[in-house]
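S.K.: Structure in structure tokens, see below.
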Amino acid sequence: MNKIKLLLFIICLSFASVVIAQNVKPEFKKLLYVIYRPSGTGINKFVRVETTMEINSDGIMHRKFNIYYDYSGNLSFTGVLGGDTTYHVPDSLILKLNKIFADNKNLEQQTEFKKLSNSTHFYGPYEFISYTNSQGDVHNLVTADMYNKNIEFRDVLRKLLRMRSGVNRNFGPIFRDIELEATILKYHNGCKNLPKSEDMGNIQVADPGVKH
């Protein structure tokens, strides 16, 4: 009998810990993080979204990623939906994001990038970040290297990417958001000296959140 009571106590204590662990709420309305690659030139230029992570005001993150059949040359939209996962962001990361957005350090759009030296190579992908603060103000920025931004912010994004993601076994069609693609392209084209991604050949890129 005492063992049963002890077991029930442990279960209740564990449940209480889970509830407490989910009490921290974002002090922002939305954070959207996108990994993408541009292709084409002139009026035919477009961006192809590879991964999106969106965190809402309740601390719930929705992550999707596409698997394409080409990653070099003239890119296409031929591929499949690799995964679609929704889960609660750990309190530790929400606390860090709240602090980052409160400080607002190095999170403004960089309109001109420093030219890379001849010995420096960039292979992509590019990143688009959009966050809406508690007042409803939207801030968008494009970056080719998160090392040029807030280091703590970069580390939080990397941890979110490493969180395990559900894999789409049905291999449905890729997800697209035409309005989002247009917004990213607008900010991408507005940047000067944005590093040009070099061709690495026809490589296969998997979602970094999936353990193989």
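What follows draws every value from the coordinates through simple rules; no lab data is involved. This structure is a prediction, so every number in the text was calculated from the model and none was measured. So basically every Cβ, Gly included, is an ideal-geometry build from the backbone, and we count neighbours across all protein chains shown.
S.K.: Can you give the extra length, in nm with one decimal, that the chain gains between residue 87 and residue 175 once fully stretched, where that is 0.36 nm per residue apart less the Cα-Cα distance?
M.R.: That works out to 29.8 nm of additional length.
S.K.: Here is a follow-up. Length gain on complete extension for the stretch residue 189 to residue 76, per 0.36 nm per residue less the alpha carbon to alpha carbon distance?
M.R.: The span from residue 189 to residue 76 would gain 38.7 nm if fully extended.
S.K.: Step through the table entries 30/186; 99/186; 25/64; 29/192, compare each Cα-Cα distance with 27 Å, and write down the pairs that go over it.
M.R.: 99/186; 29/192
S.K.: OK, next. Any idea how far apart residue 158 and residue 137 come out in nm if each label point goes 7 Å out from Cα toward Cβ?
M.R.: Between residue 158 and residue 137, the simple spin-label model gives 3.0 nm.
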